[in-house]
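Engineer: Input: one structure, supplied below.
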Amino acid sequence: MNIKQTENKYFMHTYKRSDLVVKKAKGQFLWDDKGKKYLDFFTGISVCNLGHLNNAVVKAAVNQLSRYAHVSNLYYAPAQVNLGEALAKKFNGKVFLSNTGAEANECALKIARKYGHQTGGRYEIISFNNSFHGRTVFTLAATGQKKFHDYLKPLPPKFVFADFNDINSVKKLINKKTVAIIVEPVQGEGGIFTSTKEFLKGLRALADKHNLVLIYDEIQCGVGRTGKFFAFENYGVKPDIVTLAKSIANGLPLGVTLANKKFGELFTYGDHGTTFGGNPVSCAAALEVVRQMTPKFLNKSLKTAKYLREKLENLKKKHSIVKEVRGLGLILGVDLKIPAAQIAAECLKKGLIINCTHNTVLRLLPPLTITKKDADAAVKIIDVVLSQVK
Ligand SMILES: *Cc1c(COP(=O)(O)O)cnc(C)c1O
């Protein structure tokens, strides 16, 4: 059996994989089992933001692994505490470390529910249509896409959904039972939609007025992807809680929930926990990620982002099937008038890894380390593939 047949035989059929068998990866490139080289403009759904095998990140992780991999959260691991300190200071609050994005959100939502429990039995949480918050039952309930809900009904109560960038639709949903709002400052899975400043300001005002917990899910758009460490820094509108995962340890699993002073004090012993959360190897890698995300580095990546964006806008002028180019920094979507999966598949054949999300959107999540030359190469491939569409 070849690898595809073996996977098909022994794995649950949850992923629709392309034929790519990855042999090795370095920086913005990866190679398949036949030695073919690819330009990776997806970075594992915005995971390896510093490129594959960033030297200093690998060194930090290996150094920790040579001491120990795990000791339990009942003891102190310096690598974990060092990272927690760095992140908590960045947000000016307190941190909880887990393993994945879904868990990071689960923690945020549990804090919100505890707060609701303490303040009159409130439990309704407002989320948004087109959002994505994870694959556990509770975070799927928070996800505003019907296709994820079908076989899970009845869902755990109670999430209600407003329209993204429409503050009036949020106002209409607020009642005595409402306790929180969860939002992605840039919707990823839902098709790359960027919130407006007025919208986030409006959410902040509503949260303050009605004593709600404002949660930003920055699992896809955080950690430098928008040109700032936190995406919300572009807006100057701070949440009560922010969640990170995907890219925070540049490829190793780690989930982060950061809460301001008020909500960071809400959990007490026994309220929450996880065996693997804040794995020391992941934490050592993540501390190096944080260290490398300097304003200088991020500004440089923004320049490349601007260059790439202009090139993509040019594709729109050239190809009538391109409807819109959207995004912020290096989380970019090219919305087509046709299904995008076939286009992404053709790009892969030509050596460019991009993704299709929300049916018609080409999603580009390149490493923040790409050069203008990489941007040229990627856009050239997309250009050729779009030219072939009849
Ligand atoms: C990927 C993602 C999640 C879920 O993260 P996992 O690590 O897959 O559990 C949650 N929210 C957003 C915005 C994401 O992009």
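Engineer: I need the full set of residues from the range 304-324 which are open to solvent by 10 Å² or more (accessible area, probe 1.4 Å), under 18 Å from Val186 (Cα atoms) and not basic (Lys, Arg), in order please.
Structural biologist: Scanning the range 304-324 gives a single hit, Glu324.
Engineer: For residues that are open to solvent by less than 20 Å² (accessible area, probe 1.4 Å) and farther than 13 Å from His133 by Cβ, tally how many sit in the range 170-184.
Structural biologist: Counting residues in the range 170-184 that are open to solvent by less than 20 Å² (accessible area, probe 1.4 Å) and farther than 13 Å from His133 by Cβ gives 3.
Engineer: Tell me, which strands (runs of 3 or more DSSP E) lie completely within the range 18-120 with 1 or more residues that are more than 16 Å from the ligand (Cβ to nearest atom) and closer than 26 Å to Lys4 by Cβ?
Structural biologist: 22-26, 29-32, 37-40
Engineer: For the range 275-290, check the following and say yes or no: at least one residue is touching a His at 6+ places or on another chain (Cβ under 8 Å), buried (at least 16 other Cβ atoms within 10 Å of the Cβ) and of a type outside the set (A, V, I, L, M, F, W, C).
Structural biologist: Yes, the range 275-290 contains a residue that is touching a His at 6+ places or on another chain (Cβ under 8 Å), buried (at least 16 other Cβ atoms within 10 Å of the Cβ) and of a type outside the set (A, V, I, L, M, F, W, C).
This table checks each residue for (1) open to solvent by 10 Å² or more (accessible area, probe 1.4 Å); (2) within 19 Å of the chain's Cα centre (by Cα); (3) modelled with pLDDT under 95.
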| position | (1), (2), (3) |
| --- | --- |
| Phe232 | yes, yes, no |
| Leu244 | no, yes, no |
| Gly255 | no, yes, no |
| Ala259 | no, yes, no |
| Leu266 | yes, no, no |
| His272 | yes, no, no |
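Engineer: On to the next question. Which ones in the range 175-205 are within 12 Å of the ligand (Cβ to nearest atom) and within 17 Å of Ala108 (Cα to Cα)?
Structural biologist: Ile182, Val183, Glu184, Pro185
Engineer: I'd like to know if the range 31-41 contains one or more residues that are over 17 Å from Gln292 (Cβ atoms), not assigned by TED's automatic domain parsing to the domain that holds Cys356 and not polar (S, T, N, Q).
Structural biologist: No: zero hits.
Engineer: Condition test on Thr196, is it open to solvent by 10 Å² or more (accessible area, probe 1.4 Å), more than 21 Å from His272 (Cα to Cα), modelled with pLDDT of 95 or more and of a type in the set (Ser, Thr, Tyr)?
Structural biologist: Taking the combined requirement at face value, the residue satisfies it.
Engineer: Looking only at the range 130-168, how many residues end up being β-branched (Val, Ile, Thr) and within 13 Å of the ligand (Cβ to nearest atom)?
Structural biologist: Quick first cut of the range 130-168, residues β-branched (Val, Ile, Thr) only: 136-137, 139, 143, 160, 167.
Narrowing further to those that are within 13 Å of the ligand (Cβ to nearest atom): 136-137, 139, 143.
Total meeting the criteria: 4.
Engineer: Please enumerate the residues belonging to the range 207-230 that are more than 16 Å from the ligand (Cβ to nearest atom), open to solvent by less than 10 Å² (accessible area, probe 1.4 Å) and not in a loop (DSSP other than H, G, I, E, B).
Structural biologist: Ala207, Val213
Engineer: When the residues of the range 242-271 are narrowed to those that are in contact (Cβ under 8 Å) with a residue 60 or more places away in the chain and of a type in the set (Ser, Thr, Tyr), which ends up farthest from Leu200 (Cα to Cα)?
Structural biologist: Ser247
Yes or no, residue by residue, for (1) out of contact with any Gly (no Cβ under 7 Å at 6 or more places or on another chain); (2) touching a residue at least 24 places away in the same chain (Cβ under 8 Å); (3) of a type in the set (D, E, K, R); (4) open to solvent by less than 40 Å² (accessible area, probe 1.4 Å):
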residue	(1), (2), (3), (4)
Asn49	no, yes, no, yes
Asn54	yes, yes, no, yes
Ala60	yes, yes, no, yes
Leu65	yes, yes, no, no
Tyr68	yes, yes, no, no
Leu83	yes, yes, no, yes
Lys89	yes, no, yes, no
Gly93	no, yes, no, yes
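The values are calculated or read from the model by the stated rules, or taken from the named source; none is laboratory data. Everything numeric here is computed off the predicted structure, so don't read it as measured data. We place every Cβ from the backbone using ideal geometry, glycine too, and count neighbours over all the protein chains shown. Keep in mind that these areas ignore ligands, DNA and RNA; they rest on the heavy atoms of the full protein, side chains included. Shrake-Rupley method; radii C 1.70, N 1.55, O 1.52, S 1.80 Å.
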